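In what follows, a structure is listed as structure tokens, so that the remarks can point back to it.
The values are calculated or read from the model by the stated rules, or taken from the named source; none is laboratory data. A quick note: this is a predicted structure, and the numbers were derived from the prediction, not measured. We place every Cβ from the backbone using ideal geometry, glycine too, and count neighbours over all the protein chains shown.
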Amino acid sequence: MKKLFLVLVTVFAAFLMFGCDDKGEKELTMLWWSDGTEGFVMQTLLNRYEQEKGVKITLVSTPYNEYEQRLATMISGGKAPHLARVTEGHLNNFQDQILSLDKVFEEDEFKNLFFNKDGEVIALPMDITANGLFVNLDLLDKYNVNYPELGDPVWTWTQFETEMNKLRDKEDVTAPGIFDHQAHRFMPLFYQHGVQLWSTPYTQSNLKSAKAVATLQKLMDWYGNGFLSNQTYVVKNSAAEFRKGTYGFHMSGNWNVSAYQNLTFNWTVVPMPKGDNRATILGGKSMAAFVNSGAEKEAKAFISWLAEGVNHDQFTNGVPYLTPRLGAQVNYGPFAEQYNVFLDEIANTDNVYITDWLNQVMIPGMYPIINLLVQNAADPSNTKTALQLLTELETQLKDIMD
């Protein structure tokens with residue numbers, strides 16, 4: 001009888017400790033993808049959190065092109081991660097499964113917050129992104145391509161095209177340039193040409209306006225005449241293509257400032273061309289926690305810790321990214337010049353376009369829809385006009401919100 005009692009006690013103790021570390025704390029998982037060095041930086045924070053709080057958090061790295069599907073599968077399968085790095089698109093698409101972070105951190109210390117339908121913040125902003133123009137200085141200098149630096153008069157898209165066309169038909173040039181395959185790398189051109197996507201969100205748009213049609217037609221022409229490489233739709237990784245050193249420019253985002261630290265050629269960031277005005281698109285990544293994960297309290301505790309100034313700044317100092325934390329102390333180091341170009345793009349973007357884009361990302365499933373728009377624009381077998389493609393886009397977006 002005594003032996004049976006000891007066995008039962010042992011089993012019960014093991015049951016209590018299942019899923020816990022030696023301090024009784026649950027082990028958490030964090031779903032993650034990396035564009036550059038940020039996975040390594042986050043791991044250093046997780047190591048310190050384990051030392052300070054006794055809670056182990058395992059980083060589960062996933063390629064970005066598989067990320068949303070994996071997150072959706074985990075949630076639908078009842079195995080949501082405790083924590084996850086998320087974009088605005090993820091926050092929108094999965095907001096019903098994401099925990100409210102009301103009173104978890106000081107919201108007024110951050111910008112680029114995302115709220116649920118009840119007006120409660122649901123993620124801790126970790127960085128702000130902006131679109132921008134990377135250039136291969138070795139190729140541009142070799143073929144006498146003129147380009148502005150920060151503080152110079154900003155070039156127009158016509159001037160940009162004229163200069164970059166100097167790279168055509170060169171043995172060491174695949175194409176003058178390459179855009180990321182994600183459509184929001186192209187969307188700033190609408191704003192730069194004075195096109196606000198929504199006059200009245202979800203009911204009245206400007207997507208079929210003459211300026212919008214002309215802007216999309218410009219993109220179609222660039223792919224049609226080889227100014228832009230459609231190799232981006234083969235590899236789905238334009239950064240890897242740009243690394244080869246055979247493109248004059250790459251339209252991407254500020255995360256590549258850190259990712260391009262070890263390129264074999266000289267590069268920099270220059271101001272994007274303008275149409276009627278200058279504009280970029282703001283984005284960013286955040287940290288979120290999920291309902292029914294089994295460790296909601298512990299996940300919120302980590303986010304609260306991560307929001308503290310010294311911890312949050314360690315992330316942006318280590319990556320570095322554009323920080324969303326007001327009053328942050330971030331040293332952009334040897335790449336401060338490149339980051340200043342992105343900051344200048346943000347400063348020269350009218351608030352009407354920032355608000356318009358926030359309205360746009362509120363549309364569930366919006367990103368795959370606009371991605372298909374630019375993929376069709378780049379497809380040599382496409383037979384639809386720019387107006388037809390934009391009409392389809394408008395219809396799809398309105399139908400979703402209806």
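Only one of the numbered conditions (1) buried (at least 21 other Cβ atoms within 10 Å of the Cβ); (2) in contact with a helix residue (DSSP H, G or I) (Cβ under 6 Å, 6 or more places away or on another chain); (3) under 18 Å from residue 212 (Cβ atoms) is not met by residue 387, and that is (1). Of the conditions (1) surrounded by fewer than 22 Cβ atoms within 10 Å (Cβ to Cβ); (2) not assigned by TED's automatic domain parsing to the domain that holds residue 151; (3) not in a loop (DSSP other than H, G, I, E, B), residue 268 clears all except one; give me its number. With respect to (1) surrounded by fewer than 22 Cβ atoms within 10 Å (Cβ to Cβ); (2) not assigned by TED's automatic domain parsing to the domain that holds residue 151; (3) not in a loop (DSSP other than H, G, I, E, B), residue 268 is out only on (2).
Against the conditions (1) modelled with pLDDT of 95 or more; (2) part of a loop (DSSP other than H, G, I, E, B); (3) not assigned by TED's automatic domain parsing to the domain that holds residue 192, residue 329 satisfies every one except (1). Cβ-Cβ contacts under 9 Å between residues 6 or more apart (or on different chains), taken from a first residue in the range 223-245 that is at positive phi to a second residue that is surrounded by fewer than 18 Cβ atoms within 10 Å (Cβ to Cβ) and part of a helix (DSSP H, G or I), are listed as 236/65; 245/138. Of the residues that make up the range 360-376, is at least one more than 19 Å from the chain's Cα centre (by Cα) and among the hydrophobic types (A, V, I, L, M, F, W, C)? No, there is no match, as no residue in the range 360-376 is more than 19 Å from the chain's Cα centre (by Cα) and among the hydrophobic types (A, V, I, L, M, F, W, C).
Of the residues making up the range 199-232, just one is surrounded by fewer than 18 Cβ atoms within 10 Å (Cβ to Cβ), among the hydrophobic types (A, V, I, L, M, F, W, C) and touching a helix residue (DSSP H, G or I) at 6+ places or on another chain (Cβ under 9 Å), namely 214. Only one entry in 173, 145, 235 is closer than 24 Å to residue 381 by Cα and surrounded by fewer than 22 Cβ atoms within 10 Å (Cβ to Cβ), namely 235. Taking residue 306 as the residue in question, decide whether it is over 23 Å from residue 271 (Cα atoms), out of contact with any Lys or Arg (no Cβ under 9 Å at 6 or more places or on another chain) and assigned by TED's automatic domain parsing to the domain that holds residue 152. Criteria not met by residue 306.
Would you pick out the residues in the range 120-159 that are in a helix (DSSP H, G or I) and either acidic (Asp, Glu) or under 30 Å from residue 330 (Cβ atoms) (or both)? Of everything in the range 120-159, those that are in a helix (DSSP H, G or I) and either acidic (Asp, Glu) or under 30 Å from residue 330 (Cβ atoms) (or both) turn out to be 137, 138, 140, 141. Can you confirm whether residue 93 is in the same structural domain as residue 125 (by TED's automatic domain parsing) and modelled with pLDDT under 95? The answer is yes for residue 93.
May I ask you to verify whether residue 337 is assigned to a helix (DSSP H, G or I), touching a strand residue (DSSP E or B) at 6+ places or on another chain (Cβ under 7 Å) and modelled with pLDDT of 90 or more?
Here the answer is no, as residue 337 does not meet what is asked.
Inside the range 245-262, residues that are assigned to a loop (DSSP other than H, G, I, E, B), surrounded by 18 or more Cβ atoms within 10 Å (Cβ to Cβ) and more than 15 Å from the chain's Cα centre (by Cα) make up a count of 2.
What number of residues in the range 202-244 are touching a Leu at 6+ places or on another chain (Cβ under 8 Å), assigned to a loop (DSSP other than H, G, I, E, B) and under 20 Å from residue 189 (Cα atoms)?
Within the range 202-244, residues that are touching a Leu at 6+ places or on another chain (Cβ under 8 Å), assigned to a loop (DSSP other than H, G, I, E, B) and under 20 Å from residue 189 (Cα atoms) number 3.
Tallying residues that are touching a residue at least 60 places away in the same chain (Cβ under 8 Å) and either surrounded by fewer than 18 Cβ atoms within 10 Å (Cβ to Cβ) or not in a loop (DSSP other than H, G, I, E, B) (or both) within the range 53-103 yields 18. A single entry from 373, 358 fulfils the requirement of being at pLDDT below 95 and either under 22 Å from residue 132 (Cβ atoms) or small (Gly, Ala, Ser) (or both): 358.
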